[in-house]
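Asker: Submitted below is the structure of interest, expressed as structure tokens.
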Amino acid sequence: MTRRAVELLLLVALGAVWGWTQEAATWTFAGALVGALVWSMFDGLRARDVLRWLSKSDAAHSPHVSGIWGEVVERIRKLIKKLEKKAQNSDARLEDFLAAIQASPNGVLLLDSVGRIEWSNLTAAGHLGFDPQRDLGQYVANLVRSPAFVAYLAGGDFSAEIQIDGPGVRPSQPSKISLQIHPYGKKRKLLLTRDVTAVRLAEAMRRDFVANVSHEIRTPLTVLSGFVETMQSIPLEEADRDRYLGLMSQQARRMQTLVSDLLTLSRLEGSPAPGPGEWIPSEELLEHVIQEARGLSQAIAKPAHDIRVADGPAFWVSGAKTELLSAMSNLLSNAVRYTPGGGRIEAGWRLREDGVGEFFVTDTGPGIAAEHLPRLTERFYRVDRSRSRETGGTGLGLAIVKHVAQRHGGQVDVQSVLGHGSTFMVAWPPNRVRARVTG
């Protein structure tokens with residue numbers, strides 16, 4: 001500030017001296033005024049340079065000015081650098097925040113005061129069926145045409161979430177999207193979405209499961225209750241009494257089998273996948289289930305089935321022995337139950353070229369129509385319900401087989417032609433199969 005005042009006084013003095021040399025008081029004053037004007041002009045030029053620099057906000061290219069303007073420029077330059085650093089830090093935090101929202105499994109959508117899209121992550125765009133870049137600035141009500149959503153948006157009551165159909169809905173694979181609006185700021189809205197298809201499917205499966213279990217247990221309980229009431233109220237001859245007791249025993253065994261299968265499924269679903277486990281000879285497993293199948297055939301089929309062991313290589317199979325036996329036994333028992341008496345059933349092991357070990361059961365039963373094949377491993381799904389109940393089936397055998405296979409990294413495959421029998425196969429991955437040489 002002192003330098004600036006000195007410059008002004010110096011120019012005024014120089015002007016006054018010039019005027020004084022003209023030997024007139026008027027010229028002295030005029031010279032001083034001219035000096036002041038010259039100083040003002042130079043000071044204005046420096047001020048203009050500073051203002052131009054401020055309009056560009058370029059801290060790296062500051063004007064070269066001296067005096068008070070130089071001090072002003074230096075202080076402003078330092079302040080701009082400090083603000084730029086803060087802005088960079090804020091931008092970095094914002095980018096991290098947006099990246100986190102972008103990676104969220106839930107959808108996030110920002111709407112302005114009139115319902116236009118200001119920002120959206122990819123999840124929300126996928127849930128609602130629009131392009132997150134192309135559709136920025138569009139009215140969300142024009143993109144999401146669900147009547148439930150339009151009414152929800154227009155109603156203004158956002159205290160609860162709603163559910164709408166997802167984009168590309170197919171009757172065989174319906175999708176459901178849950179969404180809720182949260183107002184914020186000046187009439188802006190935050191729209192959150194999540195895919196609840198799996199939840200809805202789980203709820204439907206739970207309802208179906210409870211209904212199926214109730215139905216499966218109700219039938220034998222009704223039979224048992226009826227026989228008990230009959231035996232309590234009516235005197236029976238010995239033959240009738242024995243027949244009723246035999247039927248009651250049959251229904252009791254059916255319920256025991258059902259409960260046992262349900263407990264098996266619950267154990268498979270609720271326990272961790274088995275590790276390498278023990279290595280069991282494939283022929284040992286096969287011999288065990290073959291004996292069980294022959295015993296079942298003699299008990300329920302007249303004449304008994306022709307159950308054969310197919311020729312195959314000898315190798316080791318790794319896993320939980322009880323689970324492996326359960327899966328193999330269920331496949332063989334299904335073949336026995338559904339193949340007419342006297343039919344041929346063949347079971348065995350084979351080792352594929354890719355190192356996969358495969359257990360298979362082939363029968364000469366009635367076969368299965370193609371439309372039933374994708375659903376065979378569903379709980380309680382039966383192609384022939386009446387025959388399954390007659391032979392003591394619970395409808396859970398193939399569900400158990402599927403769970404055992406999945407827990408061991410394998411898979412189930414079915415090949416069948418209606419009227420020409422079926423072949424059921426369980427493939428175990430190469431890491432659970434080890435070739436061996438028999439002596």
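Asker: So for the range 259-361: antiparallel DSSP bridges make up what percent, rounded to the nearest 5?
Answerer: 70
Asker: May I ask you to order 400-406, 76-82 by the average number of other C-beta atoms within 10 Å around their residues, highest value first?
Answerer: Result, highest mean first: 400-406, 76-82.
Asker: Lysines near LYS81 by alpha-carbon distance under 28 Å, same-chain residues fewer than 8 away left out - which ones?
Answerer: Leaving aside lysines fewer than 8 places away in the same chain, those within reach of LYS81 are LYS56.
Asker: Okay, moving on. To the nearest 20 debye, what charge dipole does the range 99-181 have about its Cα centre, counting +1 at the Cβ of each Lys and Arg and -1 at the Cβ of each Asp and Glu?
Answerer: Around 240 debye, computed over the range 99-181.
Asker: Between rounded, prolate and oblate, where does the range 103-243 land on the alpha carbon gyration tensor, with a ≥ b ≥ c its root eigenvalues, rounded for a/c under 1.5, else prolate if a/b exceeds b/c?
Answerer: Cα axes put the range 103-243 in the prolate bin.
Asker: Run the simple label-point estimate for HIS288 and GLU238 please: 7 Å along Cα→C-beta, distance reported in nm.
Answerer: Taking the simple label geometry, HIS288 and GLU238 are separated by 4.3 nm.
Asker: Dipole of the range 208-312, Cα-centred, from +1 at each Lys and Arg C-beta and -1 at each Asp and Glu C-beta, to the nearest 20 debye?
Answerer: In debye, rounded to 20, the range 208-312 gives about 320.
Asker: For a quick check: with amide H placed at 1.01 Å from N, whose amide H comes under 5 Å from LEU396's, ignoring anything fewer than 5 positions away on the same chain?
Answerer: Sorted by chain and number, the residues that satisfy this are PHE380.
Asker: Describe numerically, in nm with one decimal, the distance between label points set 7 Å from Cα along Cα→Cβ at ARG206 and at SER260.
Answerer: 3.0
Asker: A further question on this structure: Per-residue counts of other Cβ atoms within 10 Å, averaged by peptide: what ranking do you get for 286-294, 352-360, highest first?
Answerer: 286-294, 352-360
Asker: Given LYS85/LYS186; LYS78/LYS187; LYS176/LYS321; LYS176/LYS402, which pairs have Cα atoms separated by over 31 Å?
Answerer: Cα-Cα > 31 Å for LYS78/LYS187; LYS176/LYS321; rest within.
Asker: Let me ask something else. Put a dot 7 Å past each Cα toward the Cβ at ARG436 and LYS86; how far apart are the dots in nm?
Answerer: It works out to 7.6 nm between the two label points.
Computed from the coordinates by the stated procedures, all read-outs in this text should not be read as laboratory data. Note that the coordinates shown come from a computational prediction; the quantities given were computed from them, not determined experimentally. Note that we place each Cβ from the backbone using ideal geometry, even for glycine, and neighbour counts take in every protein chain shown.
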